[in-house]
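Encoded as C-alpha cells, the structure appears first; notes follow it.
A short reminder: the numbers here are calculations on the coordinates, not readings from a lab. Keep in mind the model is a prediction, meaning the values are calculated, not measured. Using ideal geometry, Cβ is built from the backbone for each residue, glycine included, and neighbour counts are taken over all protein chains shown.
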Amino acid sequence: MCKDSNKKPYYITTAIAYASGKPHIGNTYEAVLADAIARFKREEGYDVFFQTGTDEHGQKIEEKAAAAGITPKEFVDQAADQIKTIWDLVNTSYDKFIRTTDPQHEEQVQKIFKKLYDQGDIYKGYYEGLYCTPCESFFTESQLVDGKCPDCGREVQPAKEEAYFFRMSKYADRLIQHINENPDFIQPVSRKNEMMNNFLLPGLQDLCVSRTTFTWGIPVTFDPRHVTYVWLDALTNYITGIGYDCDGKNTDQFSKLWPADLHLIGKDIIRFHTIYWPIFLMALNVPLPKQVFGHPWLLQGDGKMSKSKGNVLYADTLVDFFGVDAVRYFVLHEMPFDNDGIISWELMVERMNSDLANILGNLVNRTISMSNKYFEGAVTDGGTTDAFDEDLKAVVLEEVKKVGEKMEKLRVADAMTSIFNIFRRSNKYIDETSPWALAKDEASKARLETVLYNLTEAITIGASLLTSFMPETSAKILSQLNTTKRELSQMNEFGLYPSGNKVTDKPEILFARMDIKEVMEKVEAMNAVVEDAKEEKESQADDGIDIEAKAEIEYEDFAKLQFQVGEIIACEAVAKSKKLLCSKVKIGSQVKQIVSGIKAHYSPEEMVGKKVMVVVNLKPAKLAGVLSEGMLLCAEDAQGNLSLMIPEKAMPAGAEIC
C-alpha cells in the first residue's frame, strides 16, 4: 500500500534487470540514479513509490539454465537474489522488487494478451527474420549494423516461426500526437528525436509478441504452444507491480500511483519504452506514463561494458576498494545528462582523493578539530560579520536553490556539483578568514566564533543535501556535528545551527586518501586470481573425462540408427518406478512414447516443451510394464549427472540428425 495518503504520490521505476547473470556497475548505476531521485523526492515531501526488479523469461535464460544443468526457475531464483543483493549493497531504497515470475504478474500478462487478441490488436501470423538471442529481438537486414545486432553488436541468426503479432501501426499516429503535445514525455530531447525520425515517422511494422522455439515464458492461454514475447511480458511489470487488473478490478494503490511519474531506463531500450509500451497502454485504455528518461551509458575506457569483451567492473568489487558512498558519488557525479560517462580505476582514485578526501573529508575534519581546539567543541555564533561571511552565505543559499532546480530536470550530476560547490566555497572561506591567525588574538575571539559557526552551518546544509546521494556519509557528518538533518524547506535561511551546540570531540576520517600505485597492484593481483580460476575451469573442461571404449563398428552399423529431433509434449512419472519418466515425443507428424531413467535429474514439468535428440528406430520394449518406442540421448559426467542432448539452434520436431 502507499505510505502516506496526505502527500502527493510520486511513482518512479527502473528498467527491470535481465536475470541472466550478475549486473555490472553500468547496470547498477541505474538503480543508484533512481534511488537518488526517489530519496530527493521524499525530501521534497512526496509519497514516493520506487519499484525495481528482474525480467526473468526468455530464450537466453533457458539456454543458460540448460548449460548450468538446472531448471530455468532455479537459475532465475539465483540471479534475482544476486541482483537484489547488489541493489541492497549500494543502499537503494526501493519499495518493491518485482519479479516477472511472480504469479500475480504472470496471471495479468496472460489476461492482457487475451484481451488484446479478443479486441483485434493481436493476430496470428508467421515470422521470418534475423534474431538476436541476448536482446530477444528480431531485425531486418537493413536494421543491422555491419551485419550484427544494432543494439548489442552480437551475431544474429535467421529465424522462422509461427507467431502472434501486435498491430503497432494502428496506434502510431496517436502516439506521434502524444509526443508532440507532451514535449517532456521523452527525455533527453535527443532520444525523442531519434524515436520520431528513425522509427515513428518512417512507419511502424507490426510487432512479434509470441515465440514457439523455446518454452521458458508465460504461456498464451488459448494457444499454449506459444509463450509471450519478452517485451509484452517485461514492460507490463510497471502496472502489474502496483495492482493493475485487466478485468478492471484495479487496487487503490494502482489508482493512486498511475500514471507513473518517471520510467528511468538505459538509452539502449528507449525504443521499447517510448513506442511499444505507450502503444500497449493505449490498446489497454490505460493512461501513459508522464515521462521516460533514457540515461546514457557508463563506459569503461571507450566502450560499453560487456562480459564478452572482458571489460566489466562490478559494484561489490568497487565497494570493497572504495566504500558504498564513494561508489555512489562516482557513478552519480561522473555521468553527464545525455552523454556517456567514463569509469576507470584511475579516475575513481582521483575523485576519491580530490573530491571526497580533500574537499569534503578534510573540510569536516578541520572544522570540527578547530572547534575542539579553540572552544572545547562549542560552536557559538559570535555575532560578527564581514564581506567574506556574506559571500559564503550567498553562495550556500544559491547552490541550495540550484540543487532543487537541477533535480527537477533530472540533472543529478549537476546537482551534486552544486552541493560540492558549498564545500569548495567553505574551504575557500577558511583560507580567507585564517582561523589559526584569529586564535592568536584574544580580541578576535568573537570573530573566530563566527567563522567556525558559519563553517559548521554551511557543512550542515551541504551534508543535509547529500542525504539523497550519499546517505551514509551525510549521516556521519551530521552526527559528528551533533545535529539533525536540515529539511529542504528550512534551507532558504542561513544560521539555524543551534548556537552553543557542541560537536564531537573525536572527528572521524570520512575518506582516506589512496595511492594509485597500490590500488593498481591490488587490481592486477585480483585480476590474476580471476584469470587463473578461469583458466583452471577451462582446463578442467578441456580435459574432459575418459570412458571405457567399445568395439569399433562399420559405417553400415551406424547407418542403421535413425536420429531425429523430437519435441516433448507430455511427460509423467512411471508409477511403478523410482527412476523412470514416460514422455510423449512429437517427431514430425508422429508421437512416440519413450521411457527414460532420468527421474533423478528432471521433473515431468521440466521435460515438457524441450527439443531433444531421439533414437527413433529402436525396437520397442517394455520398462516397468510401460511400452517404450525409442531412446532420448543424454550426456553423463564422471559424477553421474545427466544432461539431455538438445539442438544448439532452433530445429523443428522431426529434423534429421546426421
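Note that the range 164-306, at 20 °C in a medium of 1.002 mPa s, gets a Stokes-Einstein diffusion coefficient of 129 µm²/s from its Kirkwood radius over C-alpha pairs. Think of it as helices only: each DSSP H run of n ≥ 4 in the chain is worth -39500 (n - 2.57), and spread over all residues that comes to -12500 deg cm²/dmol at 222 nm.
Assuming R0 = 56 Å, can you tell me the calculated FRET efficiency for the pair Ser643 and Gln177, based on Cβ-Cβ distance, to the nearest 0.05? It would help to have the intermediate numbers written out before the result.
Details: r = 53 Å, r/R0 = 0.95.
After rounding, the FRET efficiency stands at 0.60.
I'd like the FRET efficiency for Thr221 and Lys160, computed as 1/(1 + (r/R0)^6) with the beta carbon distance as r and R0 of 30 Å, rounded to 0.05.
Working: r = 25 Å, r/R0 = 0.82.
Step by step, r from the Cβ atoms, then E = 0.75.
Protection proxy ranking for 167-173, 595-601, using the average of other Cβ atoms within 10 Å per residue and placing the highest first: 595-601, 167-173. Extending 7 Å from the Cα toward the beta-carbon at both Ile569 and Gln104 defines two label points whose distance is 3.7 nm. Screening the chain for whole DSSP H helices of 18 Å or more along their axis (Cα) with average Kyte-Doolittle hydropathy at least -0.5 returns 25-43, 72-89, 387-408, 412-433, 445-465.
Quick check on the range 555-657: take the gyration tensor over C-alpha atoms, sort the square-rooted eigenvalues as a ≥ b ≥ c, and tell me if it's rounded (a/c under 1.5), prolate or oblate. Let's see the in-between values first.
Working: a/c = 1.34, a/b = 1.28, b/c = 1.04.
Rounded shape, in that the Cα axes give a/c under 1.5.
Order of Glu606, Glu63, Glu155 from fewest to most other C-beta atoms within 10 Å? Working shown, then result.
On the way: Glu606 20, Glu63 17, Glu155 12.
Arranged by neighbour count, lowest to highest, Glu606, Glu63, Glu155 become Glu155, Glu63, Glu606.
Here's the picture: a label point sits 7 Å out from the Cα of Ser603 along the beta-carbon direction, and within the range 193-227 the residues with their amide nitrogen under 19 Å of it are 215-219. Per-residue Cβ neighbour counts within 10 Å put Thr460, Thr473, Thr85 in the sequence Thr85, Thr460, Thr473, beginning with the fewest. Centre-to-centre separation between the Cα atoms of the range 106-174 and those of the range 407-435: 48 Å. Take every DSSP beta bridge whose two residues both sit in the chain, then give the antiparallel share in percent to the nearest 5. Taking every DSSP beta bridge with both residues in the chain, the antiparallel ones total about 70 percent.
Other residues whose C-beta falls under 10 angstrom from the C-beta of Ile279 contribute a net charge of +2, scoring Lys and Arg +1 and Asp and Glu -1. Between Ser255 and Lys619, the modelled labels are 7.3 nm apart [label points 7 Å from Cα along Cα→Cβ].
If you take the Cα centroid of the range 21-93 and the Cα centroid of the range 593-646, the two points sit 36 Å apart. Assuming R0 = 41 Å, what is the FRET efficiency of Ser369 and Ile342, from their Cβ-Cβ distance, to the nearest 0.05? Once the sixth-power term is evaluated, E becomes 0.70. First check a/c for the range 102-143, with a ≥ b ≥ c the square roots of the eigenvalues of its C-alpha gyration tensor; if it is under 1.5, answer rounded, and if not, answer prolate when a/b is larger than b/c or oblate otherwise. Oblate shape, in that a/c is at least 1.5 and b/c is the bigger or equal ratio.
Hey, any idea what Rg/Rh is for the range 323-365, computing Rh the Kirkwood way over Cα pairs? Walk me through the numbers on the way to the answer.
Working: Rg = 11.0 Å, Rh = 11.0 Å.
Rounded to two decimals, Rg over Rh is 1.01.
Here the relative contact order of the range 584-658, from alpha carbon pairs under 8 Å that lie six or more residues apart, stands at 34 percent. Based on the alpha-carbon gyration tensor of the range 9-317 and its eigenvalue square roots a ≥ b ≥ c, which shape applies: rounded if a/c is under 1.5, prolate if not and a/b is larger than b/c, or oblate? Because its axes are fairly even, with a/c under 1.5, the range 9-317 counts as rounded. The spacing between the range 451-475 and the range 244-303, judged by their C-alpha centroids, is 35 Å. With labels modelled as points extended 7 Å from the Cα through the Cβ direction, what inter-label distance (nm, one decimal) is found for Asp245 paired with Ser499? Going by the 7 Å Cα→Cβ label model, 6.1 nm.
Over the range 461-531, calculate the relative contact order: mean separation of alpha carbon pairs under 8 Å at least 6 apart, over the residue count, as a percent.
Working: 37 pairs, mean separation 18.1, N = 71.
Across the range 461-531, relative contact order equals 26 percent.
Quantify how much of the Cα-Cα distance distribution of the range 1-121 extends past 18 Å, in percent. Roughly 60 percent, once rounded to a whole number.
Taking 0.36 nm per residue of sequence separation and subtracting the Cα-Cα distance, how much length would be gained by fully extending the chain between Leu627 and Ala68, in nm to one decimal? Don't skip to the end; give the middle numbers.
Values: separation 559, 0.36 × 559 = 201.24 nm, distance 3.16 nm.
Contour length minus Cα-Cα distance gives 198.1 nm.
Relative contact order, whole percent, for the chain stands at 11, derived from Cα pairs under 8 Å and 6 or more residues apart. Listing Ile509, Ile186 from fewest to most neighbouring C-beta atoms within 10 Å gives Ile509, Ile186.
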